[in-house]
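**Q** Have a look at this one before I ask anything.
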Amino acid sequence: MKTLIIGASGQIGKMTTQKMLAQEHEVVALVRDKSKLTDIEHPNLSIVEQDLENDFSRALTGVQQVIFSAGSGDATGADKTLLIDLWAAVKAINYAVDAQVEHFIMVSSIGADDPDGIESSIKPYLVAKHMADEHLLHSGLHYSIVRPGTLLNESASGLFTINRPATRQDAVINREDVADALVYIASHKPDKSQLFELFNGDKPLDELLAGN
């Protein structure tokens, strides 16, 4: 199954790209600047250089699976959050419908279920994620929506929980663990669409998602 990774030069996207290639997956990496991937060479990797604010539908040609891990980043304003985290995600979903993609994996966020429920300066981001998730939920695509907790830069633990911790300081997950989870989901297409939060925990992912 050929997988398109949208946002392949971001922190999670790049780790996911590298891990997918290490498992011999065929990967199409969609990036705005291909120079950010010059350190990755693999015969199964093809790179599409395209700005997500423009038409990037050609990147979905011949792919069966999409991972959307793009984000506007912390240094941008609400305008880029709207254009990337919401509008680019909506466009990707629409392109995937047209391309008859078999599985769409969305990297969302804790709090996207109820942006009003968390007092946070990133509320525009949570609103964008909420609306993108809703569009995917009603798209007719087979989907996996992953809502990670607050992201950390620690090494992967390999242990997870899908139950939200009782305290906000425990509702965290390592970026590398998110990448490992995306690779697992991409490698084990679920029988039915799924949506879950994901945090550092005490169980391997295959045990948590058994039967999906």
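**Q** Search segment 1-41 for residues being part of a strand (DSSP E or B) and more than 24 Å from residue 85 (Cβ to Cβ), and hand back the single one that is least open to solvent (accessible area, probe 1.4 Å).
**A** Per the stated criteria, the residue is 2.
**Q** While we're on this one: Take residue 117 and tell me if it is under 30 Å from residue 191 (Cβ atoms) and at pLDDT below 95. Explain how you work it out, then say what you get.
**A** Numbers: under 30 Å from residue 191 (Cβ atoms): no; at pLDDT below 95: yes.
For residue 117, the condition - under 30 Å from residue 191 (Cβ atoms) and at pLDDT below 95 - is not met.
**Q** Would a scan of segment 138-153 turn up a residue that is polar (S, T, N, Q), open to solvent by less than 50 Å² (accessible area, probe 1.4 Å) and assigned to a strand (DSSP E or B)? Even if it seems obvious, please write down each step before you answer.
**A** Quick first cut of segment 138-153, residues polar (S, T, N, Q) only: 139, 144, 150, 153.
Of the ones still in play, those that are also open to solvent by less than 50 Å² (accessible area, probe 1.4 Å) are 139, 144.
Cutting the leftovers down to assigned to a strand (DSSP E or B) gives us 144.
Yes.
**Q** Answer yes if at least one residue in segment 42-62 is farther than 25 Å from residue 190 by Cβ, free of Cβ contacts under 8 Å to residues at least 12 places away in the same chain, among the small types (Gly, Ala, Ser) and not in a strand (DSSP E or B), and no otherwise.
**A** There is no residue in segment 42-62 that is farther than 25 Å from residue 190 by Cβ, free of Cβ contacts under 8 Å to residues at least 12 places away in the same chain, among the small types (Gly, Ala, Ser) and not in a strand (DSSP E or B).
**Q** I need a count of the residues in segment 119-137 that are assigned to a loop (DSSP other than H, G, I, E, B) and of a type in the set (Lys, Arg). Before the answer, list the steps.
**A** The first filter runs over segment 119-137 and keeps only residues assigned to a loop (DSSP other than H, G, I, E, B), leaving 119-122.
Next cut, of a type in the set (Lys, Arg) only: none.
The number of residues fulfilling the criteria is 0.
**Q** Exactly one condition in (1) assigned to a helix (DSSP H, G or I); (2) in contact (Cβ under 8 Å) with a residue 40 or more places away in the chain; (3) exposed (fewer than 15 other Cβ atoms within 10 Å of the Cβ) is false for residue 116; which is it?
**A** Against the list (1) assigned to a helix (DSSP H, G or I); (2) in contact (Cβ under 8 Å) with a residue 40 or more places away in the chain; (3) exposed (fewer than 15 other Cβ atoms within 10 Å of the Cβ), residue 116 comes up short only on (2).
The values are calculated or read from the model by the stated rules, or taken from the named source; none is laboratory data. Predicted model, so just to flag it, every value in this text is computed and none were measured. Heads up, the Cβs are rebuilt from the backbone with ideal geometry, glycines too, and the neighbour counts pull from every protein chain shown. Note: accessible area is taken over every heavy atom of the protein model, side chains too, but ligands, DNA and RNA are not part of it. Shrake-Rupley method; radii C 1.70, N 1.55, O 1.52, S 1.80 Å.
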